[in-house]
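Trainee: Questions regarding the structure given below will be posed in turn.
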Amino acid sequence: VRDQIAKYAAKLLADRSAAPGRVAFAAQDDAPIAAGEAGLARLAGDVLSRLSCLGMAVAQPSLPFADFLVQRAAAGEHAILPPDTETRTFLHDIPFLRRDELGGDAAPKIAALLGTRKGVVVEGVGIVAGGTVTIEQAYINYSSIFHATFVKYLLDVLAEGFRLPGEREAFDAFRRDWLKPLDAEGLAFREGPLEDPAEVLDEVATVGRYTVERGLVDSFFGNISWRLGDTVYISQTAASLDELRGCIDPVPSDNSSTTGITASSELLAHRKIYESGGVRAILHGHPKFAVVMSMLCDEKGCPVKDCWRDCDKVRLLGDTPIVAGEIGAGGLARRVPPAIAGPGKAIVYGHGVFTTGREGFAEAFRAMVAVENGCREEYFRRLRLYWEDSSQSRPEASS
Amino acid sequence: MMSGWHGTLLHIDLSSGASRREPISPDLLRAWLGGRGLGVRLLRDAFRLDPFDPDMPLVFAVGPLCGTPAPTAARMSVVSRSPLTGTIYDCSAGGRFAHRLKSAGIDALRIVGESPSPVVLRIAGEAVSVEPADALWGRPVSEAVRALETGGSVAAIGPAGERGVLFASILTGEGNAVGRGGLGAVMGRKRLKAIVVDGAKAASIADRPRFDKARQDILRLFKASPVIFGELGISEYGTPALVDLMRQRRMAPTENFRKTVFERSGNYSGPAIRKAFDARKDGCFGCPIQCKKSAKGVGPLPEYETVSHFGALNGIDDLHAIVKSNSACNELGMDTISAAATLAAWGEARGRFPLAEEVGPLLDDIAHRRGEGDLLAQGSRRACEAMGVPGLSMSVKSLELPAYDPRGAYGMALAYCTSNRGGCHLRAYPISHEILRKPVPTDRFSFSGKARIIKIAEDTNAVVDSLVACKFSFFGATLEEYAELLSAVTGVEYGPQSLKELGEAICLTERFYNCANGFSSKDDRLPARFFEEPGSSGEGIEIPPIDAARFEEELGKYYRIRGLRDDGTFADPRFLEGLP
């Protein structure tokens, strides 16, 4: 258990979602264990002792966005409702505690909220996330909340501007210091097409790791595959893209075997993309700016309310198509394949990006980098336009 | 007025033929929910009785979600004490029977007594009658169902239940089994051939918009789950989708657990069954998953455990013979896992596993307790002891192990032992995370953290069995979403944590009953084979024997986490008094 705590504490720092020195985990085996920054570790242990749960992560996010969302929330609100797919599907909402609600001992209040949800934002403290089954699950829930609050905050800033003292300065620091140039420089990709299964497994694992390391997806999410003849080699469900060795399923296209029952929930989408021909590699990540931009729609008076599910249009962001559709059997697999067939890239509303490669993963990876960079540029262009050029009108709030 | 529950128990005394409706207090329902929890609570005054004592209740209990459009919730639990294991026993079953029982205005049906002659219990809304069933006695399940189904949904026993086969099942008219622990024999001892139930009472939902949102959240998670709605998942192939996976993971029990790979298992895989039988989707009332598969002219097709145990465990690769064995068990009213596992143990003991063509007659002999069948009707533990080879019974607390070799999943090894009803995969269902990667994967070859994980999962599944929902839902959804559904239906606020606390009370109550009947850590034991013999290693996967010392260490942790003494018993003899 201590090894697991060390591993996931290191991951929170490597993906830059937590502030250095402000991370703690607790676990209960037959006895409690806590590690990390002393105050947070104590809090993690105190909260965990009140819950039927194996692990607990407490960390201060590397960005103040979650706290800003709490401070921007109207009086009487008790939860953040990010509109992205991860939240809708897995988190539902993110309850929060304001600083003045904490009192002397915050643990009982945090535990009460964690008794109903996977994670909580505690103003001035950070994100507190539980893991019912594993330490990894606490890490995943922390990551999901960091991702969801990031996306929500960027959307809110675009729609409403800066409203709090110090907010603009913090945002500028985020843009200047936290955001890094995104590229594929220094990464080695195999020349395709790959024909040896061992080579395929190695390349899929390597590119999965690249995708996490370059911030195109949080460790636990996304998926990746390669088609070799009539077999799709695809990452397993609930696999971390940066730890794919032993977690790649070879799935025959004729369904002669069901060992692929553990394959990614997007197996169907991958298969349909391959059926359209000419593609050997598929990469799916959740780059944050693409997720943000996919939810901005300029259309006025549209009758569709549940855009993430019901929008049947193919919108364009630059030359990248955006389609709607829920995970797995929820519609994404129907809408992405026709949209991606030409451009080799597509964004799914509030969810993430699919890209393809005809010869190898280099094409798919670079396409995803380009999509995210394009979305990043467009986001800041719009921010400038909406809030520094008062003659421009702002978009409809996304649903 | 309560929402979600009727607040009514129907009590039947078969000795006198009398019946009465009794109120169940709202506090009791809120605390024990329904299904397994309510059934276990209702046994508090009877758990020391012999399973065949006339006063031993046989409880059919539905849950607060039953009757609503809550996904996978048209289920019930049947609760009593098992004649096979001697433990408290419950079994969850789907079909339509539970839905009809709820529609009759009943949360729980408690049957006691012993009729002097075979009878059928008819419930038609408020009307209740106990009617002679001499003509149906001795008849297979399908005949009883056909004779009675115009009166509503039927739950019946077959010849095995009538003759006290210790793993006799109760079958619903749709082919869903109340299986494993022999509650069909308890029903048979009461000379109750069948129950027919119908009703028209609608279930109430306290907060419909909240319910609808929670339902949508759950369906979204189902669609996101490759195990449920994936192209290779159980909605498409049923649970036999696991055949190929267990082969690939090298943990398919073969030849009475001597091996863990059966090379010809592809003959009865999910795709093979679909192709051979043109299998169509089928399932419980209102269930969106439809994981049951059936075929024209055959009826229900076998589940994973059944194909694997009538297949690999007995060294049989003939799909049609396996399907016939499943159908025979359903007609005779016997549990397929225990029947197949008992045959396998007997096969190993005599030095030859039964041939495919021998299985059908053997099953018939077991159900009718003829010849060798009389010995086998007592299950593998008693049969192996009688043959002088007790080590060949692959069971825990006399319940035969299902088709997940514990050497291939250490959480499963632990969970078989801590299960309050004996060697069952469904109490903690660690296959979900150790093999199917839900909600997150765990290392199947490690005991690390497993005691805590098993404890939490047992509590969670006790809740699931009390709602009553299907465990397959939890390949996608979690208690978070089902707590929302429950709160919306009942108007009482529940959350995952408060539900797990209810689940803990259920699990501890069951364990307390068992301990009061003499169970302790000495019964939380796997057969020695798993600590002494390796499984079938290969293809880069090692299947060594389980490390006995590490297993013991983790079992000790489990007891501490549960607040039990080192021998797995309770320090406080008045434990039950602290519970509602």
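Trainee: A:ALA159 versus A:ASP202, label points 7 Å from Cα toward the beta carbon: distance in nm?
Mentor: 4.9
Trainee: Could you tell me which of B:PHE570, B:GLY233, B:MET394 has its Cα farthest along the dipole of the protein assembly as shown towards the positive end, charges placed at Cβ (Lys, Arg +1; Asp, Glu -1), taken about the Cα centre?
Mentor: B:PHE570
Trainee: In the neighborhood of B:LEU49, defined by Cβ-to-Cβ distances under 10 Å, what is the net charge if each Lys or Arg adds +1 and each Asp or Glu adds -1?
Mentor: Summing Lys/Arg as +1 and Asp/Glu as -1 gives -2.
Trainee: Provide the FRET efficiency to the nearest 0.05 for the A:ARG168-A:ARG245 pair, computing r from the beta carbons and using R0 = 51 Å.
Mentor: Once rounded, the FRET efficiency stands at 0.70.
Trainee: Carbon and sulfur atoms: what percent of the 1.4 Å accessible area of chain A do they account for?
Mentor: After summing per-atom areas, the C and S share lands at 50 percent.
Trainee: Next up: Rounded to the nearest 10 Å², what accessible area does A:ILE135 have for a 1.4 Å probe in the complete protein model?
Mentor: Result for A:ILE135: roughly 10 Å² accessible.
Trainee: Pull out a ≥ b ≥ c, the square roots of the eigenvalues of the alpha-carbon gyration tensor of chain A, then state rounded if a/c is under 1.5, prolate if not and a/b is larger than b/c, and oblate in the remaining case.
Mentor: oblate
Trainee: Please report the spacing between the Cα centers of segment A:167-216 and segment A:221-243 in Å, no decimals.
Mentor: Cα centroid to Cα centroid, the span is 16 Å.
Trainee: What base-10 log of the normalised intensity I(q)/I(0) is obtained for the protein assembly as shown from the Debye formula, alpha carbons as equal point scatterers, at q = 0.06, 0.10 Å⁻¹?
Mentor: Calculated log10 I(q)/I(0) at the listed q: -0.43, -1.18.
Trainee: Here's another thing I want to ask about it. Tally Lys and Arg at +1 and Asp and Glu at -1 over the other residues with C-beta under 14 Å from the C-beta of A:VAL279: what net charge comes out?
Mentor: It works out to a net charge of +3.
Trainee: Using unit Cβ charges (K, R positive; D, E negative) and no other charged atoms, how large, in debye to the nearest 20, is the dipole of the protein assembly as shown about its Cα centre?
Mentor: Roughly 1260 debye for the protein assembly as shown.
Trainee: Around B:SER432, with a cut-off of 10 angstrom between Cβ atoms, what is the net charge of the other residues, counting Lys and Arg +1 and Asp and Glu -1?
Mentor: Here the count lands on +2.
Trainee: Which whole number gives the average, over all residues in B:438-444, of C-beta atoms from other chains lying within 10 Å of the residue C-beta?
Mentor: What the average comes to for B:438-444 is 6.
Trainee: With a 1.4 Å probe on protein heavy atoms only, work out how much accessible surface A and B bury together, total over both chains, in Å² to the nearest 100.
Mentor: Result for this pair: about 4000 Å² buried.
Trainee: Of B:THR68, B:GLY138, B:GLY39, which is farthest on the positive side of the dipole of segment B:1-144, counting Cα position, with +1 on Lys and Arg Cβ, -1 on Asp and Glu Cβ, and the Cα centre as origin?
Mentor: So the residue we want is B:THR68.
Trainee: Compute the distance in nm between two label points, each set 7 Å from the Cα along the Cα-to-Cβ direction, one at A:ASP93 and one at B:ASP443.
Mentor: Distance between label points: 4.0 nm.
Trainee: Arrange the peptides B:161-167, A:301-307, B:145-151 so that the one whose residues have, on average, the most other Cβ atoms within 10 Å appears first.
Mentor: In decreasing order of mean packing, B:161-167, A:301-307, B:145-151 become B:161-167, B:145-151, A:301-307.
Trainee: Further question: Give me the dipole magnitude in Debye, nearest 20, for chain A about the Cα centre, with unit charges on the beta carbon: positive for Lys and Arg, negative for Asp and Glu.
Mentor: 640
Trainee: Moving on to the next point. Which shape class applies to segment B:283-433: rounded if a/c is under 1.5, otherwise prolate when a/b exceeds b/c and oblate if not, where a ≥ b ≥ c are the square roots of the Cα gyration tensor eigenvalues?
Mentor: Judged from the Cα gyration tensor, segment B:283-433 comes out oblate (a/c at least 1.5, b/c at or above a/b).
Trainee: Can you pull the mean other chain C-beta count within 10 Å for peptide A:323-329?
Mentor: Partner-chain Cβ atoms within 10 Å, mean over residues of A:323-329: 5.
Trainee: Which value, in nm² and rounded to one decimal, describes the direction-averaged projected area of the C-alpha convex hull of chain B?
Mentor: 22.8
Trainee: If we sort B:406-418, B:538-550, B:270-282, A:265-277 on the protection proxy, mean other Cβ atoms within 10 Å, highest first, what's the order?
Mentor: Going from most to least packed, we get B:406-418, A:265-277, B:270-282, B:538-550.
Trainee: Got the relative contact order for segment B:402-456 handy, in percent, Cα pairs under 8 Å and 6 or more residues apart?
Mentor: 36
Trainee: Once you keep just the Cα pairs under 8 angstrom separated by 6 or more residues, what percentage relative contact order results for chain B?
Mentor: So the answer I get is 16 percent.
Trainee: Please report the relative contact order for segment B:1-59, taking Cα pairs under 8 Å with a sequence separation of at least 6, and give it as a percent rounded to a whole number.
Mentor: Averaging sequence separation for qualifying contacts and normalising by length gives 21 percent for segment B:1-59.
Trainee: On to the next question. Taking a temperature of 4 °C and a viscosity of 1.567 mPa s, what whole-number D in µm²/s does Stokes-Einstein yield for segment B:397-556 with Rh from Kirkwood over alpha carbon pairs?
Mentor: For these conditions, the coefficient is 78 µm²/s.
Trainee: Hey, another quick one. Cross-link candidates for A:LYS300: which lysines have Cα within less than 22 Å, leaving aside residues fewer than 8 places away along the same chain?
Mentor: A:LYS152, A:LYS313
Trainee: For the peptides B:391-397, B:224-230, what is the packing order when you average, over each peptide's residues, the other Cβ atoms within 10 Å and list the highest mean first?
Mentor: Sorting B:391-397, B:224-230 by mean packing, highest first, produces B:224-230, B:391-397.
Trainee: Okay, moving on. Just name one of B:GLY535, B:PHE474, B:TYR416: the one whose Cα is farthest towards the positive end of the charge dipole of chain B (beta-carbon charges, Lys/Arg +1, Asp/Glu -1).
Mentor: B:PHE474
Trainee: Peptide B:448-460: average number of partner chain Cβ atoms within 10 Å per residue?
Mentor: The shielding value for this peptide is 4.
Trainee: Give me the dipole magnitude in Debye, nearest 20, for chain B about the Cα centre, with unit charges on the beta carbon: positive for Lys and Arg, negative for Asp and Glu.
Mentor: Using only the charged Cβ atoms, the result is roughly 660 debye.
Trainee: Quick check: from the Cα gyration tensor, does segment B:122-233 come out rounded (a/c under 1.5), prolate or oblate?
Mentor: Oblate is the answer for segment B:122-233, as a/c is 1.5 or above yet b/c matches or exceeds a/b.
Trainee: May I pose another question? Could you tell me how far the Cα centroid of segment A:51-127 sits from the Cα centroid of segment B:43-57, in Å?
Mentor: Each part's Cα centre sits 49 Å from the other's.
The values are calculated or read from the model by the stated rules, or taken from the named source; none is laboratory data. Here the structure is a predicted model, which is why all the values come from computation and not from measurement. Heads up, the Cβs are rebuilt from the backbone with ideal geometry, glycines too, and the neighbour counts pull from every protein chain shown. The accessibility values were calculated without ligands, DNA or RNA, using every heavy atom of the protein model including side chains. Shrake-Rupley method; radii C 1.70, N 1.55, O 1.52, S 1.80 Å.
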